[in-house]
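Laboratory data are not the source of any read-out in this text; all were calculated from the coordinates shown. Small disclaimer: the values here were computed from a predicted structure and weren't measured. Reconstructed Cβ throughout: ideal geometry from the backbone, glycine too, with neighbour counts over all protein chains shown.
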Amino acid sequence: MLTDHEKELIAKIWDKMIPVASDIGAECLLRMMTTFPGTKTYFAHLDIRPRSTHLRSHGKKIVLAIAECSKDISSMMVTLAPLQTLHAYKLRIDPCNFKILSHCIMVVLSMLFAEEFTPQIHVAVDKFLALVALALAEKYR
Ligand code: HEM
């Protein structure tokens, strides 16, 4: 459960990511596909070379979807409903991959916001991304 203060921290950090969503998103995807190559199988129809247009535009979509959740964390289930269905029924993504991507997002955030990525923000982001992963996996049960 996130405290009110943690929710504020999350809203703030994701707000900062919006203007650079393509850069951050592409870096997260690149790291996910490099460190866990099995994840590349889902993206066989896209050009997944570093900083490709596909990687940037898909990365942007992910960051913006999470930013939407950050605005009202308690409504995440509703916000993510279309993405739950898409990932579970159409794309059939193994839900263990949500944790992998969350981890990569955390790494990229800690690099980009190194100065301000305090242990408090670290734990808030970890809890928040765990909730996103859980919400996205909801339709699998
Ligand atoms: C599509 C978000 C995790 C694979 C999408 C889209 C969004 C999104 C917003 C675009 C939907 C649309 O165009 O209508 C997220 C979020 C994730 C997540 C918030 C977790 C934090 C993953 C993971 C994988 C994955 C872990 C696979 C390893 C895909 C694929 C598509 C997709 C293959 C379709 C791409 C395309 O054909 O353009 N996701 N996603 N997603 N996602 Fe995810």
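Do any GluC sites (Glu not before Pro) in region 53-126 lie in a loop, going by DSSP, with at most 11 other beta-carbon atoms within 10 Å of their beta carbon, and if so which?
Glu115
Of the residues Ala130, Ala67, Ala26, which exhibits the maximal mean-square fluctuation in a Gaussian network model of the chain defined by a 10 Å Cα contact cut-off?
Comparing Ala130, Ala67, Ala26 in the GNM, the peak value goes to Ala130.
Size of the dipole of region 1-69 about the Cα centre, Lys and Arg at +1 and Asp and Glu at -1 on the beta carbon, nothing else charged, in debye to 20?
So the magnitude is around 360 debye.
Which of Ile73, Ile93, Ile24 moves most in a GNM of the chain, Cα contacts under 10 Å?
Ile93
In what order do His45, His122 fall by count of nearby beta-carbon atoms within 10 Å, going from fewest to most?
His45, His122
Could you pull out the trypsin sites (Lys or Arg not before Pro) across region 44-132 that fall in loop regions by DSSP (anything but H, G, I, E, B) with no more than 11 other Cβ atoms inside 10 Å?
Here the trypsin sites (Lys or Arg not before Pro) that fit, given the DSSP loop and packing criteria, are Arg92.
Given N residues in region 1-62, what is its alpha carbon radius of gyration divided by 2.2 N^0.38 Å?
That works out to 1.33 for region 1-62.
Rounded to the nearest 500 deg cm²/dmol, what is the calculated helix-only ellipticity per residue at 222 nm for the chain, with -39500 (n - 2.57) per DSSP H run of length n ≥ 4?
-20500 deg cm²/dmol
Lysine pairs in region 4-140 with Cα distance under 18 Å, only those 8 or more apart or on different chains: how many are there?
Lysine pairs satisfying the spacing and distance rule in region 4-140 number 21.
Taking only C-alpha pairs under 8 Å that are 6+ residues apart, what is the relative contact order of the chain in percent?
Over the chain, the number comes to 33 percent.
I'd like to verify something in the chain: which complete DSSP H helices, judged by Cα projection on the helix axis, reach 24 Å or more and average at least 0.5 on the Kyte-Doolittle scale?
Both cut-offs are met by 96-112, 119-136.
Quick check for me: using +1 on Lys/Arg Cβ and -1 on Asp/Glu Cβ, what's the dipole size of the chain about its Cα centre, in debye to the nearest 20?
Magnitude of the dipole: close to 620 debye.
Which of Thr79, Thr35 has the fewest other C-beta atoms within 10 Å, and how do the rest follow up to the most?
Thr35, Thr79
Along each principal axis of its Cα atoms, how long is the chain end to end? Whole angstroms, biggest number first, please.
Computed over the Cα atoms, the extents are 41, 35, 23 Å.
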